[in-house]
Amino acid sequence: MRGLVFLLLVAVASAKVFDRCEWARVLKANGMDGYRGISLANWVCLSKWESSYNTGATNHNTDGSTDYGIFQINSRWWCNNGQTTSNACNIRCSELLTDNVSVAINCAKRVVRDPNGIRAWVAWRNNCANRDLSSYVAGCGV
């Protein structure tokens, strides 16, 4: 347990808060624009409402699981936090809390390959679905 706490503290110490356009460019460079038919604006909107573009964000849920990182990826299904029932991304949850976002992006790609797709994220359903999202990438040159 102490090892997990240490890893989380180290991860949070190297967290980053992106600005909107910087994050849009990172997502585009990592193949997220159009991935599984999901526009770049949808990914930026999702990240805004899940974490405010903060790689160090965590949220403890009432079911005992925790959401991690810029995409708020859940420990119950997608990553291992030592209390996991599934680990579909085959990663430690602490890996989602650093400024190296490649792990988070790859895991988000894994999440949307499931039947729920991007609808797996409540914040996307509540704030992004069926809306004009052009403002999320406006002025970013992407």
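The values are calculated or read from the model by the stated rules, or taken from the named source; none is laboratory data. Remember, predicted model here, so these are calculated numbers, not experimental data. Glycine gets a Cβ as well: all are built from the backbone with ideal geometry, and neighbour counts include every protein chain shown. Surface areas here come from the heavy atoms of the whole protein model, side chains and all, with no ligands, DNA or RNA. Shrake-Rupley method; radii C 1.70, N 1.55, O 1.52, S 1.80 Å.
Spin-label model, Asn61 to Asp132: label points 7 Å out along the Cα-to-beta-carbon direction sit 3.3 nm apart.
Per atom type, the chain shows carbon and sulfur on 48% of its accessible surface, probed at 1.4 Å.
Would you mind calculating the gained length between Arg113 and Asp99 on full extension (0.36 nm times residue separation, minus the Cα-Cα distance), in nm to one decimal? Please report the intermediate quantities before stating the final value.
Values: separation 14, 0.36 × 14 = 5.04 nm, distance 2.39 nm.
The Arg113-Asp99 span can extend by a further 2.7 nm.
Per residue, the solvent-accessible area of the stretch 47-114 (1.4 Å probe, heavy atoms of protein chains only, all protein chains present) comes to 44 Å². Label zone (Cys21, point 7 Å along Cα-to-C-beta; backbone nitrogen cut-off 19 Å) within the stretch 115-142: 133-142. Consider the candidate values (i) 13, 45, 33, 9, 1; (ii) 9, 32, 32, 20, 6, 0; (iii) 10, 30, 22, 14, 11, 7, 4, 1; state which one is P(r) over Cα pairs in 10 Å bins from 0, in percent computed from the structure displayed. Recomputing P(r) over Cα pairs in 10 Å bins from 0, in percent here picks out (i). Taken about its Cα centre, the chain carries a charge dipole of about 220 debye when Lys and Arg each add +1 at the Cβ and Asp and Glu each add -1 at the Cβ.
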